[in-house]
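Structure first, then comments.
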Amino acid sequence: MSGFRTLLYKETLRFWKVSFQTVGAPVLTSVLYLMIFGHVLEGRLQPFDGVSYTGFLIPGLVMMSVLQNAFANSSSSLIQSKITGNIVFVLLPPISWFEFFSAYVVASVLRGVVVGTGVWLVSLGFASTGVAHPLWALAFVVLGAGLLATLGVIAGIWADKFDQLAAFQNFLIMPLTMLSGVFYSIHSLPPVWQKVSHLNPFFFMIDGFRFGIFGQSDASPWLSLAIVASALLALVAISLAMLRSGYKLRG
C-alpha cells in the first residue's frame, strides 16, 4: 500500500498547503450563514422541542460544509490533473485502482472533516450544543463525506473541462444541499414537499447527523443510515468500474 500512502500524502498536502482558501474560506461562509439566518429567525422558529433555531442550524451548516468540501476536493483534483496533463504521473506507477480511489476519497473525507470541525468550533460562540449520540454523529459525518468524495471522483473522471464540473456542482450538488433541510425542518413544509424531500439523499445525511447531536430528527436514524450506506455502496461500485475501464483517463 505504499502507492496509497504516497498518493494520500500528495492529496492531503494539496489542500493543506492552501488551507486559507480550502479550509478558512468555507468556515467563514458558514459563519456568515449562521450570523444572518440566526439573527433573522432566532425566536421565530423552533423546529425541535428545547432547541433554539440557531442551535438547530449549526449541525446543518456543519454537514453542509463537510459534504461540499469533500466533493470539491476529489473532483477539483482530478479535473486539474486531467487538464494540465499530470494525471499521467499518477496512472503510470504500479498503483492499483483501489489504491487510487481510496487515496482520493480518504483525502477528501479528511478535508471535509477538517472544515466541519472548524465550523463546529466557531459556532460554539453562537450557541452551545452538546452531542447526544457521538457514534451516530460520527457515522453520518464519515459516510456522508465518503459519499460526496466518491461522487467527486465520478464527476472528476466524467468532466473534460471546468465548465462541466461547475455545472455538476451548481445544478446537482448545490440544489440537493440547499433543499435538504439545512435551514429548516421538513415538518414545516406542505405534505407534498415533505414527500419530495424524502427523495433527496442529502436530507438523510443531515437529518441523521442532527439525530446524533440532539437525539431528535425528522426521520428514523436507522432509515437514514440504510439509505446513506446504500447510496455510498452504489457510487463506490460505479466509481471503481469507471476506474477499472479507464473511462476518460486512458488516452
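A few points about this structure:
- Per-residue Cβ neighbour rank within 10 angstrom, fewest leading, Asp218, Asp163: Asp163, Asp218
- Computed over the stretch 108-251, the P(r) tail beyond 26 angstrom holds 30 percent of alpha carbon pairs.
- With coordinates expressed along the principal axes, the C-alpha atoms belonging to the stretch 155-229 extend over 43, 26, 18 Å, beginning with the largest.
- If you model the stretch 16-149 as an ellipsoid using its alpha carbon gyration tensor, with each semi-axis the square root of five times an eigenvalue, the axes come out at 34, 16, 10 Å, biggest first.
- Measuring nothing but how far apart in sequence close Cα pairs (under 8 Å, 6+ apart) lie, relative to its length, the stretch 2-245 scores a relative contact order of 26 percent.
- Helix 201-214 axis versus longest C-alpha principal axis of the chain: approximately 50°, rounded to the nearest ten.
- Using 0.36 nm per residue and subtracting the Cα-Cα separation, the extra length available between Ser96 and Trp193 on full extension is 30.5 nm.
- With R₀ fixed at 22 Å, the C-beta to C-beta distance from Leu240 to Lys10 puts the FRET efficiency at about 0.60.
- Using alpha carbons only: equivalent-ellipsoid semi-axes of the stretch 208-251, gyration tensor based, whole Å: 35, 9, 5
- When the chain is treated as a Gaussian network with alpha carbon springs shorter than 10 Å, the biggest mean-square fluctuation among Met63, Met174, Met205 belongs to Met174.
- Label point distance in nm, Leu233-Phe162, each placed 7 Å from Cα along Cα→Cβ: 3.9 nm
- Length, then width, then depth: along the principal axes, the Cα atoms of the stretch 62-125 run 48, 22, 13 Å.
- Alpha-carbon Rg/Rh ratio, for the stretch 2-245, with Rh computed the Kirkwood way: 0.98
- With R₀ set to 51 Å, the beta-carbon distance separating Val40 from Ser2 gives a calculated FRET efficiency near 0.45.
- In this structure, the residue pairs whose Cα-Cα separation is over 32 Å, taken from Lys17/Lys82; Lys17/Lys161; Lys195/Lys248, are Lys195/Lys248.
- As a proxy for reagent exposure, Thr54, Thr117 were ordered by neighbouring Cβ count within 10 angstrom, fewest first; the result is Thr117, Thr54.
- With all pairs of separate Cα atoms included, the stretch 100-159 yields a Kirkwood hydrodynamic radius of 12.8 Å.
- Gained length - Leu138 relative to Val88, 0.36 nm times residue gap less alpha-carbon distance: 14.4 nm
- Max mean-square fluctuation residue, GNM over the chain, Cα-Cα springs under 10 Å, options Trp97, Trp193, Trp120: Trp193
- Taking the longest Cα principal axis of the chain as reference, the axis of helix 97-123 is set at about 30 degrees.
- Between 0 and 90°, nearest 10: helix 53-84 axis offset from the chain longest Cα axis: 10 degrees
We did not get these values from a lab; they are worked out from the coordinates using the rules stated. No experiment lies behind these values; they were computed from the predicted model shown. Heads up, the Cβs are rebuilt from the backbone with ideal geometry, glycines too, and the neighbour counts pull from every protein chain shown.
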